[in-house]
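Below is one structure, written out as structure tokens; comments come after it.
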Amino acid sequence: MMVFSKGKPAHTHITRLKLFEDKSLVCADISTGRKHQIRVHLANIGYPIMNDPLYGLVRNKKA
């Protein structure tokens, strides 16, 4: 899945609830229901979900 100008519309409203040193806690309210919508939108604006193996960087991986 990806953000594409000719794709189906999807709307996600994101509110930052708390800012940490290198991450944020957010509230994501979706008004459409597309597959992986929140994950795709956050990654597209440069804020991928932590430890998301598909759209983000995996951190703190257990050996």
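The values are calculated or read from the model by the stated rules, or taken from the named source; none is laboratory data. All values derive from a computational prediction rather than experimental measurement. Glycine also receives a Cβ, built like all others from the backbone with ideal geometry; neighbour counts cover every protein chain displayed. Heads up: the accessible areas ignore ligands, DNA and RNA and are worked out on the full protein's heavy atoms, side chains in. Shrake-Rupley method; radii C 1.70, N 1.55, O 1.52, S 1.80 Å.
The figures follow:
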read-out: Selection from the range 21-39 of residues that are in a loop (DSSP other than H, G, I, E, B) and closer than 15 Å to Asp52 by Cβ; value: Lys23, Lys35, His36
read-out: Residue identified as assigned to a loop (DSSP other than H, G, I, E, B), touching a helix residue (DSSP H, G or I) at 6+ places or on another chain (Cβ under 7 Å) and not small (Gly, Ala, Ser) among Pro9, Pro53, Pro48; value: Pro48
read-out: Which listed residue is on the phi > 0 side of the Ramachandran plot and either out of contact with any His (no Cβ under 6 Å at 6 or more places or on another chain) or β-branched (Val, Ile, Thr) (or both), from His41, His11, His36; value: His36
read-out: From the options Leu42, Leu17, Leu54, residue that is open to solvent by 90 Å² or more (accessible area, probe 1.4 Å) and either at pLDDT 90 or above or of a type in the set (Gly, Ala, Ser) (or both); value: Leu17
